Amino acid sequence: MTAIWTKRFVNTLLVLVAIAALAAVIQAAGSIADGKFHMVSYPASSENIRMEPLGGESAWWQMQAGTVRVDDHSWLRAARLVGRLAGLALLAGMFWQLRGLLVRIAEGDVFSDANVAALKRVGKLLIATSVLSISITFMTQYAILEAIPDMAERAIHPSISWNVKGVENIWMEYTPPIIPVLLAMISFITAGAFQSGKNYREDSESVV
């Protein structure tokens, strides 16, 4: 019964991934229909905090984060869409490997070659997802920077850069995929532990 519910749970996750992919395609189609597919926006934050009072001096509207947008970049919008769909495909592949792994464990088959291989595949898929995320981010940030003309009062930077003195510095935001990388390491370590358990079981059976 546990194996059945495990399958159902992972199948639900796969359906959610498929829905997310369909939503991304529908959103892109809507942008094309509205004539906005050439626009690319990216979150950014300024080192300066703009404060505006709200009905007096006791409440304030604080503005620091926003977005940087460039037009005439349909190729970049398309590349980001392809990257997003590829990331969802990698996520679906990871869930599929977990599905088989969890089902086998629920059936009592723990230390097996299939489980070791599945854990290694999960780790590789997580690494591939992280590399894809970083690649798409760098491509997007530098394409936006190339499209923005030089300004005397502001300097827009990629996520990792030094500030410029005497101007308002604006950084494009990005959080590195630290958690996927850590999960990949855990997957590889767990695969090694399963391999050791398999070897120990085989040695024990050979002694008996």
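Restricting the search to the range 97-139, which residues are within 16 Å of Lys7 (Cα to Cα), outside any helix (DSSP H, G or I) and out of contact with any helix residue (DSSP H, G or I) (no Cβ under 6 Å at 6 or more places or on another chain)?
Gly108, Asp109
Within the bounds of the range 71-81, is there any residue that is in contact (Cβ under 8 Å) with a residue 60 or more places away in the chain, under 16 Å from the mean Cα position of the chain (by Cα) and over 30 Å from Phe194 (Cβ atoms)?
yes
Which of the residues spanning the range 153-208 are within 30 Å of Ile127 (Cβ to Cβ), among the charged types (D, E, K, R) and surrounded by 13 or more Cβ atoms within 10 Å (Cβ to Cβ)?
Glu173, Lys198, Arg201
Do we have any residue at all in the range 58-76 that's in a helix (DSSP H, G or I), surrounded by 12 or more Cβ atoms within 10 Å (Cβ to Cβ) and of a type outside the set (A, V, I, L, M)?
Yes, the conditions are met somewhere in the range 58-76.
What are the pairs with Cβ atoms under 8 angstrom where one residue, in the range 10-25, is more than 10 Å from Leu85 (Cβ to Cβ) and the other, located anywhere, is surrounded by 11 or more Cβ atoms within 10 Å (Cβ to Cβ) and of a type in the set (Gly, Ala, Ser)? Sequence gap at least six, or different chains.
Partner pairs satisfying both residue conditions: Leu14/Ala92; Val17/Ala92; Ala18/Ala92.
Return the residues of the range 21-65 that are among the charged types (D, E, K, R) and more than 23 Å from Glu153 (Cα to Cα); say none if nothing qualifies.
Asp34, Lys36, Glu57
None of the figures in this text is laboratory data; all of them are computed from the coordinates on show. For clarity, every value in this text was computed on a predicted model and none was experimentally measured. In this analysis, Cβ positions are derived from the backbone assuming ideal geometry, glycine residues included, and neighbour counts consider all displayed protein chains.
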